[in-house]
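Trainee: Encoded as structure tokens, here's the structure I'll be asking about.
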Amino acid sequence: MGKELFTVMAVFITLFLFGMFILRAGLLQIGVEKVQTLLLKATDSPWKGLIAGTLITALFQSSSVVMVLLVGLVAAGIISFRQTIGVILGTNIGSCFTLELVAFQLSDLAVPLLLFGLVLLMFKSAASYTAGCVSFGIGCIFLAMTGLESLADPLASFPVTHHFFQWTNDSHLTGIGVGAIVTTIIQSSTATIGMAMGFIQDQGLSMESGIAIMLGANIGTCLTAYIASIGAGHTARLVAHAHIWLNLLGAVLFYALIPYLADVSYLLAKTASVQLAHASTLYNIACSLLVLPFTAKFAQFVEHVAKG
């Protein structure tokens, strides 16, 4: 019974990732060149970069895609490393969009979105392909989240799952480690936090543990940019280092504030899953706005550490 449940959970996680992939595939039809042009125009100011990074990441549903684009632009010498800091700050905020969308419990729309997406994909125009991918992808994500939430109760009844939750609930560091490791494996912080939302809804996982997992998930999502920077030159690697340090320092800063962030999230919504989604959004906005006035200093710090 336990093996079957974990197998079904793996299927729902795969469906979630598949939905993200289809959603991204459709949105990328808009054109990477247009996005690169927008990034070039936005990097002359940290504030513009923050807004552009937020919007592009929300559109493409992947901070990794934006980070890889930045690494490529810096490696080509088109923009400097310091120009990318504002965009990097915006990517973390933009990555919260899907979580907020999922948190509103729109599971009843899953099947209609899937069917509507399939119909649109039958047409040959670029616009219908993009809209079909977006509709089908979001439908898959909603369906996967419904499945994960339905599995939370039976999975939590197993002693091993109970011990795991208890272990995570007793140690915020464990939660951060779990979030980082799972995200590194599946390469989607959204999926990792989505799983936490599913279990937290059934009270198997505490809100504070969910926030700790979210902090770790942000760290785990840095791997793709780091891999993309290998062999791209020292300046391009600085982009990946900046992303890593932003999330590491954010986790260190907010580690002691996890209980307070949980308390604030309780005031923002009634359901636990929505509370965790809001906590993730608040955390990423706070981190980005804290660093934004000091982008030059932060860039110097990254350059100094990477040189050492």
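The values are calculated or read from the model by the stated rules, or taken from the named source; none is laboratory data. Note that the structure is a prediction, hence the values are computed from the model and not measured. Cβ placement follows ideal geometry from the backbone for every residue including glycine, while neighbour counts extend to all protein chains displayed. What goes into the accessible areas is simple: the full protein's heavy atoms, side chains included, and nothing from ligands, DNA or RNA. Shrake-Rupley method; radii C 1.70, N 1.55, O 1.52, S 1.80 Å.
Trainee: Among (1) at pLDDT below 80; (2) in contact with a Phe, Trp or Tyr (Cβ under 9 Å, 6 or more places away or on another chain); (3) open to solvent by 20 Å² or more (accessible area, probe 1.4 Å); (4) not basic (Lys, Arg), which single condition is Ser188 missing?
Mentor: Of (1) at pLDDT below 80; (2) in contact with a Phe, Trp or Tyr (Cβ under 9 Å, 6 or more places away or on another chain); (3) open to solvent by 20 Å² or more (accessible area, probe 1.4 Å); (4) not basic (Lys, Arg), only one is false for Ser188: (3).
Trainee: Of the residues that sit in the range 51-62 and are assigned to a helix (DSSP H, G or I) and at pLDDT below 75, which one is nearest to Thr235 (Cα to Cα)? So that I can check it myself, show each step before the final result.
Mentor: In the first step, residues of the range 51-62 are kept if they are assigned to a helix (DSSP H, G or I); the result is 51-60.
So of that shortlist, the ones also at pLDDT below 75 come out as 59-60.
Values: Leu59: 27, Phe60: 25 Å.
Residue satisfying both the conditions and the ranking: Phe60.
Trainee: Of all residues in the range 279-297, how many are in contact with a Gly (Cβ under 9 Å, 6 or more places away or on another chain) and over 21 Å from Ile200 (Cβ atoms)?
Mentor: 6
Trainee: Checking the structure you have, find out if any residue of the range 73-96 is at pLDDT below 75 and hydrophobic (A, V, I, L, M, F, W, C).
Mentor: Taking the range 73-96 first, the residues at pLDDT below 75 are 76.
From what is left, the residues that are hydrophobic (A, V, I, L, M, F, W, C) are 76.
Checked the range 73-96: at least one residue is at pLDDT below 75 and hydrophobic (A, V, I, L, M, F, W, C).
Trainee: Checking Ser128 against (1) crowded, with 22+ Cβ neighbours inside 10 Å; (2) at pLDDT 85 or above; (3) not basic (Lys, Arg), only one condition comes out false. Which one?
Mentor: Result: Ser128 passes all but (1).
Trainee: Moving to a separate point now. Tell me yes or no: at least one residue of the range 150-161 is open to solvent by less than 10 Å² (accessible area, probe 1.4 Å), within 28 Å of Val264 (Cα to Cα), part of a helix (DSSP H, G or I) and at pLDDT below 75.
Mentor: We begin by selecting, within the range 150-161, every residue open to solvent by less than 10 Å² (accessible area, probe 1.4 Å); these are 152, 155.
Among the residues that remain, those that are also within 28 Å of Val264 (Cα to Cα) are: 152.
Okay, now just the ones that are also part of a helix (DSSP H, G or I), so 152.
From what's left, at pLDDT below 75: 152.
Yes; the residues of the range 150-161 include at least one that is open to solvent by less than 10 Å² (accessible area, probe 1.4 Å), within 28 Å of Val264 (Cα to Cα), part of a helix (DSSP H, G or I) and at pLDDT below 75.
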